[in-house]
Amino acid sequence: MSVTDPERPASDPHSDAAQEALHDRIAADSLTTRRDYLRIVATVSGGLAVGGVGVAAGILHRHGDEEGAPEPKKIADGLLPGESLAFRYPGSEDRAVAVRLEDGTLAGYSAVCTHLACAVLWRKERGSEGELYCPCHEGVFNARTGEVTAGPPPRGLPKVVLVEETDGSVWAIGTARSGESAREGLCRQLAGERPELADRLGCPGASARGTAPQRSERT
């Protein structure tokens, strides 16, 4: 199929000059668009492939999978209302985000989208409390609860348990699985290793686990 200008005689389509001119014109019109398109496709597809394979194979760490309680970690000297902070917890490869809502509530989450493991970002200007957003496929999470509000993510964001000390410093002290409350995750992690602390927190069944069975005396 060929297209010719009706006001000009058609040039010989088999001539080298005509083919070269046509090639140059097409290249000049579309080179930038094609190059940008291929670059974007390669970058996004490569990232999604790595993330998708990692999630499917179970090789990417998921927040909340720790059997024991991770070590507490100071993540900030302070965090003001409306601010957010990116950090790593519980391991050096585990991306996380802390958010201070306008009413002073501290919320911490894994910053790895539950869809295809893309990075989750904080968008303060969205809605009344901001939102956590994954740009790969428009996934949106509630900033207060971590639950999915839009897009394809199948589960809410796993939580990172945050506490604030009297000096204003913010510490990460544990994690929770997707769908698990911060208290449930912390109690589960503390039960095996620190039953006395779990008891102080009022974790269900903590007293029974923290009490060693008494041995009957032999006669």
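The values are calculated or read from the model by the stated rules, or taken from the named source; none is laboratory data. Everything quoted here is computed from the prediction, not taken from an experiment. When we count neighbours, we look across all protein chains shown, and the Cβ atoms used for this are built from the backbone with ideal geometry, even at glycine. Accessible surface areas use protein heavy atoms only, side chains included; no ligands, DNA or RNA. Shrake-Rupley method; radii C 1.70, N 1.55, O 1.52, S 1.80 Å.
Distance between the modelled labels on Ser181 and Lys74, one decimal in nanometres: 3.0 nm (7 Å Cα→Cβ projection).
Over all other residues within a Cβ to Cβ distance under 14 Å of Leu80, the charged ones net out to -3, with Lys and Arg as +1 and Asp and Glu as -1. In the context of the full set of protein chains, residues of segment 132-195 present 44 Å² of accessible surface per residue (probe radius 1.4 Å, heavy atoms only). Count Lys and Arg as plus one, Asp and Glu as minus one, and take only other residues whose Cβ is under 14 Å from that of Gly104; the net charge is then -3.
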